[in-house]
Amino acid sequence: MSRFFSSKYSSLEPYVPGEQLSDSEYIKLNTNENPYPVTADISDDVLAEIERLHLYSDPENKALHKKIAGTFGVNENEVLATNGSDEILNFAFMTFCDAGHPAVFADITYGFYPVFARVNLVPFRTVPVNTGFGINPEDYYNAGGTVFIANPNAPTSLALTRDEIEGIIINNPGNIVVIDEAYVDFGAQSCVPLIKKYDNLLITRTFSKSRSMAGARLGFGIACESLIKDLNTVKYSLNPYNVNRMTAAAGIAVLGHEDITKKNIEKIISTRENTKKELKQYGYEFPDSLTNFIFMKHPGIDGFEFYRKMKENKVLIRHFSVPAIKDYNRVTIGTDEQMKQFTALARAAAEGKL
Ligand SMILES: *Cc1c(COP(=O)(O)O)cnc(C)c1O
């Protein structure tokens, strides 16, 4: 640390992203990326923007907002596109949290939430998940602050129903409820339709998982017009051109191929269900995932040891050192071929042969 580092931030513990090794001999199942690349026919649209790179991108993201609004059945003024959904989440912490409105989220959830709270100097309170890692909706009634729920949750892979989320919204008339739907396309119910009914609901979405665009950095928020206005006040105070031209073009083009997205999602779900069956046979335990990852452990294998053995065998998975989940690893669903290699190793590990 230099002697110039502001005391506001010098004790920050930053978010630690999953390893991104350049060594391509690894099977990468550690950051919940989509194993299927985006369809090739978006490249003309993206390349056309390169000729316009000398011009700023559209700060209002009109074309992108229009496409998102059409796809998700909302109005353009109910959408705000951002640089990944991490940016809309950060905007939400900035816009809707303060000393009187602390952030409230599960003790086991997306590791970025406490980081966003700390970097924005807002207090937060965590709510324990239950013994099966599930979220009890009633624990968030009258939360006394801004609620953040990843639905489905990460890394636990479990989801609440739309009715359960609606219960949380109804029982927080004085609080904002933020639902992070990064994984919702893999089998859970989206709460997007509820933004028409409630003025205290913000949904955050990403192109990184189900739409295969993690490297482009594109996310968005959906909420009633007045919340989007508040978020825009913060956006225009930080980075008006937050979505670059190529990414906006890629996003619009990808939303023009929802059929392909749907097929990829179906494929990932089918691979996930096959992987679950096989892992169960070898004695692995996991919550019943509605995401593109499995949060798994084996009663006879140390969690970190499992991670280490997989890495030794060129398979990268995610281990969290947090005590409550140290026995577990989060394993992204890859292609059938990748999962075949992973389950073969998992079988060997369970039989003590690895
Ligand atoms: C991956 C993820 C995000 C954000 O991803 P971006 O790439 O920034 O859009 C948000 N929330 C959860 C729970 C995630 O797992």
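The values are calculated or read from the model by the stated rules, or taken from the named source; none is laboratory data. Given the structure is predicted, the values throughout are model-derived calculations rather than measurements. Positions of Cβ are backbone-derived with ideal geometry, glycine not excepted, and every protein chain shown enters the neighbour counts. Remember, those area values only see protein heavy atoms, side chains included, never the ligands or the DNA or RNA. Shrake-Rupley method; radii C 1.70, N 1.55, O 1.52, S 1.80 Å.
Structural remarks
- Taking amide H atoms as placed 1.01 Å from N in the peptide plane, the amide H of A106 lies under 5 Å from those of V127, each 5 or more residues away in sequence or on another chain.
- The modelled label-to-label distance for the pair K314/S10, using points 7 Å beyond Cα in the direction of Cβ, is 4.6 nm.
- Helix-only [θ]222 nm of the chain, DSSP H runs n ≥ 4, -39500 (n - 2.57) each, per residue, nearest 500: -11000 deg cm²/dmol
- Computed from backbone phi, the HN-Hα couplings of the stretch 114-123 come to x, 5, 4, 4, 5, 5, 9, 6, 10, x Hz, rounded to whole numbers (Karplus: 6.51 cos²θ - 1.76 cosθ + 1.60, θ = phi - 60°; Gly and Pro given as x).
- Dipole magnitude of the chain, debye to nearest 20 (Cβ charges: Lys/Arg +1, Asp/Glu -1, about Cα centre): 580
- Distance from the stretch 230-306 to the stretch 1-63 (C-alpha centre basis), Å: 16
- Accessible surface comparison of Y241, Y26, probe 1.4 Å, protein chains only, largest first: the order is Y241, Y26.
- Only protein heavy atoms count here; on that basis, with a 1.4 Å probe, R162 has an accessible area of about 80 Å².
- The chain - accessible surface per residue (Å², probe 1.4 Å): 46
- A Cα-only calculation for the stretch 171-249 places Rg and Dmax at 13.8, 41 Å.
- What the Cα convex hull of the stretch 121-238 gives, in volume per residue, is 128 Å³.
- A Stokes-Einstein calculation at 10 °C with viscosity 1.306 mPa s, built on the Kirkwood radius of the chain over Cα pairs, returns a diffusion coefficient of 75 µm²/s.
- Rounded to the nearest 10 Å², the accessible area of T131 at probe 1.4 Å: 150
- Solvent-accessible area of R118 with every protein chain in place, 1.4 Å probe, in Å² to the nearest 10: 120
- Compactness of the stretch 59-126, expressed as Rg and Dmax over alpha-carbon positions, Å: 14.5, 38
- Karplus-derived 3J(HN,Hα), 6.51/-1.76/1.60, for each residue of the stretch 83-93, Hz, glycine and proline x: 7, x, 6, 4, 5, 5, 5, 4, 4, 5, 4
- Phi angles of the stretch 147-160 translate, via the Karplus equation with coefficients 6.51, -1.76, 1.60 and θ = phi - 60°, into HN-Hα couplings of 8, 10, 10, 7, 9, x, 7, 10, x, 7, 6, 9, 10, 8 Hz per residue; Gly and Pro are given as x.
- Put the Cα centre of the stretch 98-169 next to the Cα centre of the stretch 64-83 and the gap is 25 Å.
- Sulfur and carbon atoms: percent of accessible area, the chain [1.4 Å]: 52
- Amide H to amide H distances under 5 Å link A182 with N151, where only residues 5 or more positions off or on other chains count and H is placed in the peptide plane.
- When you count the other C-beta atoms within 10 angstrom of each residue and take the mean per peptide, 173-181, 35-43, 188-196, 10-18 line up highest first as 173-181, 188-196, 35-43, 10-18.
- R0 of 41 Å, Cβ-Cβ distance E51-S237: FRET efficiency to nearest 0.05: 0.85
- For the stretch 17-55, the set of GluC sites (Glu not before Pro) satisfying both a DSSP loop assignment and a count of at most 14 other C-beta atoms within 10 Å is given as E19, E25, E51.
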